[in-house]
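Novice: Below is the structure I would like to discuss, written out as structure tokens.
Values quoted throughout were computed directly from the atomic coordinates according to the rules given, and no laboratory measurement underlies them. Given the structure is predicted, the values throughout are model-derived calculations rather than measurements. Methodologically, a virtual Cβ is constructed for each residue, glycine included, from the backbone with ideal geometry; neighbour enumeration extends over all protein chains shown.
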Amino acid sequence: MIFHIYTLIVYMHHYRLSAFRISSIFLFTAFFLFFGNFSMAQDGKALFQSDCASCHNPIKQVTGPALKGVTARVPDQKLLHAWIRNNAAVLASGNKYFNDLYIQFGKTPMNTFPQLTDPEIDAILKYIETYPEPGPGAKGPNNGPSSQVEESDNSLLYGILTLILAVIMLVLLQVNSNLKKLSDDKSGVPSSEPIPFYRNKVYITFLVLVLFVVGGYYVVQAAIGLGRQQNYQPEQPIFFSHKVHPGTNQISCLYCHGGAWDSKMAGVPSLNVCMNCHAAINDYKGEPLYRENGKEVDGTGEIQKLYSYTGYDPKSGKYTEPGKQIVWIKIHNLPDHVYFNHSQHIRAGKVQCQTCHGNITQMNEVKQFAELSMGWCINCHRTTKINFPDSAGNGNKFYSIYERFHQNLATGAMDSVTVENIGGTECQKCHY
Amino acid sequence: MNVAMQILKKIIPFCLFGVLLVSCSDEVRRDTGRIYMPDMAYSRAFETYAMTPEEKDALLKKGIHFSNTPVAGTMKRGVLFPFDIPQDAAGDTANYVASKAVKNPIAFMDTAQIVEAQRLYLVNCGICHGTKLDGNGPLYRGGDGPFPAKPATLVGDKKYETMPEGQMYYSVTYGKNKMGSYASQLNTQQRWMVIAYIKAKQEASKPVAATADSTIKK
């Protein structure tokens, strides 16, 4: 019996194994059939990207012409293949269409691709011709500005609550005085003449007190706020979105504001820096953009504004008119009697841009995040620890001259060195 | 009823006052506000590049002549000698070809310089050419990004691996195809450092060969 079961198990095991083998072979073939085709279809894209895409785009003129529709423009397949493999030979043969094209594109020579086979060229052409046309409905889902407007603002709620409580208090006070009057009448106590509320000393005192506190608060706030511009968010001549540039497209802050690394000023980039990318990128296809007032912004139109300033013609790819200056509005203004240096903070101090400028990658329109008041500066200088070299020698070597602090750190009298310790709150550090 | 009306009349002024306070909520701030001492806050000096041409013209009319930009061709002390090959005229490639002969004046970079070169590459070049130098930076994203042309594959493409450093320098200085000139963002030394970094990366990606000599020379 036991032996019998054993053989059965072995038999089943064997059977299962073979079944697995058959199915795996079947799957394997299917896989090959499927992905064999798949890789053939992908060839065109891969070949296009490795050989052509640095100068051509299917639907856009880049260094060379937009390629979609090329098979209709050059119906002779043999000629097209010959052109792609060795354009110099076709030009030398005197073909009018290609010679005209060559002159039209400023005699920029096309690379030769003698290694491409016929099926490869056909795959590339197929990829180009099946490339999706840019449709008018290419914009993302219209979420509308409603999502931006709805912000939780508790101050209104608290105001209403305070009002209700104040009303209840007044009602109760009135009820109390009326009841007192009634009970006085009943018990025969001669009640005094009722005083109108505007001559009631309690009310007047209360009102004066409230006015003094509230008025005083606003006066003090306004006096402190003189010359401070927190939340200042001017409308710029071009709707340049920091959410799109350093946010979605991950451009480093220093790409445009390179001065922050080397000098006092972060600087606003000159127009040639914009044109490094925008000579080629001439439309906006990302998520819809909104101004602070909820109005939608036409991203492509804003890029056109840039071209009107630079005098660039995106169709021909040339600068046809003299450039003009864009007068950007400066947001972060420090008074002239304060010295501030960007490179000192970000290079030596290793402070992140966002520490003072807020979550800049989420701002479509930049606003001043920090208060930029003296108290704000001092607070940071008091709490920020400097990159003091430890016993192993890691850290900023410049601070090795502070011998006393090294001793204190060694004995445990200090646990860290802040900016204040090295003179970061001295008047002359920033005012001189 | 009469009493209630009376009470209501007394309360209304308070209500109005409260509503007034609450309605002063925050809006988009488009103005700079007021300044306590304007003559201390606003600079009397003209800061570099802070003037528009119109402002300069206005000063010129008053007879004030000055220049806040250096004379063309001015060189900073201690920088590398400039690249003396001019830019090609449109449709000409003579200078582009001639630039092949120019050698990189930076023959060796120490660790700190390599770190700096990498930083410069990542800030200025990585956005298109990719952090891995594969020509697939965030602006291209395999064809899905906003940049319509494929940036050069710096590591893995024979064309760029065999390209002489002088020619790379020409392209970085004057721009090539859809790449703009980086002469305003990177100085002479920084441009050569970035090219040395790219060459070192290309060298490092080569299979086996000379791994024993790990010091990065170029």
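Novice: Show me the trypsin sites (Lys or Arg not before Pro) within region B:93-150 that DSSP assigns to loop and that have at most 13 other Cβ atoms within 10 Å of their Cβ.
Specialist: The qualifying sites are B:Lys103.
Novice: Right, something else. Would you mind checking B:Lys76/B:Lys199; A:Lys324/B:Lys56; A:Lys318/B:Lys176; A:Lys78/A:Lys126; A:Lys243/A:Lys285; B:Lys159/B:Lys199 for any pair whose Cα atoms are more than 18 angstrom apart?
Specialist: Checking Cα-Cα distances, B:Lys76/B:Lys199 exceed 18 Å.
Novice: Once the piece of chain linking A:Ser155 and A:Ala413 is laid out straight, how much longer is it, given 0.36 nm per residue of separation minus the C-alpha distance between them?
Specialist: Residue separation times 0.36 nm, minus the Cα-Cα distance, leaves 88.2 nm.
Novice: Evaluate E = 1/(1 + (r/R0)^6) for A:Asn379 and A:Thr162, where r is the Cβ-Cβ distance and R0 equals 35 Å; express this FRET efficiency to the nearest 0.05.
Specialist: 0.65
Novice: Sticking with the crude label model, points 7 Å out along Cα→Cβ, report the distance from A:Asp262 to B:Ala41 in nm, one decimal please.
Specialist: 3.3 nm
Novice: Would you please name the chymotrypsin sites (Phe, Trp or Tyr not before Pro) within region B:78-180 that are DSSP coil residues with at most 13 other C-beta atoms within 10 Å of their C-beta?
Specialist: When the chymotrypsin sites (Phe, Trp or Tyr not before Pro) of region B:78-180 are filtered for loop state and at most 13 Cβ neighbours within 10 Å, B:Phe108 remain.
Novice: Starting from the Cα of A:Val171, step 7 Å along the direction of its Cβ; do the same at B:Lys76; then give the gap between the two resulting points in nm.
Specialist: Going by the 7 Å Cα→Cβ label model, 7.4 nm.
Novice: Let me ask something additional. Is there a simple number for the mean count of other chain Cβ atoms within 10 Å of the Cβ of residues in B:179-192, and what is it?
Specialist: Whole-number average of other-chain Cβ neighbours for B:179-192 is 3.
Novice: Another one. Calculate the FRET efficiency for A:Lys429 and A:Ser391 from the Cβ-Cβ distance with a Förster distance of 25 Å, rounded to the nearest 0.05.
Specialist: Efficiency at R0 = 25 Å is approximately 0.35.
Novice: Still on this structure, I have one more. Could you tell me how far the Cα centroid of region A:267-333 sits from the Cα centroid of region A:348-424, in Å?
Specialist: With region A:348-424 and region A:267-333 each reduced to a Cα centre, they are spaced 37 Å.
Novice: Same structure, new question: Could you rank the peptides B:143-155, A:347-359, B:53-65 by their average count of other C-beta atoms within 10 Å per residue, with the highest value first?
Specialist: In decreasing order of mean packing, B:143-155, A:347-359, B:53-65 become B:143-155, A:347-359, B:53-65.
Novice: Taking the Cα centre of each part, how many Å lie between region B:101-166 and region A:161-208?
Specialist: 82 Å
Novice: Counting other Cβ atoms within 10 Å, keep those with at most 11, restrict to DSSP loop, and tell me which trypsin sites (Lys or Arg not before Pro) in region A:277-328 are left. Mind dumping the intermediate values first?
Specialist: Values: sites: A:Lys285, A:Arg291, A:Lys295, A:Lys305, A:Lys315, A:Lys318, A:Lys324; in loops: A:Lys285, A:Arg291, A:Lys295, A:Lys315, A:Lys324.
Passing sites in region A:277-328 are A:Lys295, A:Lys315.
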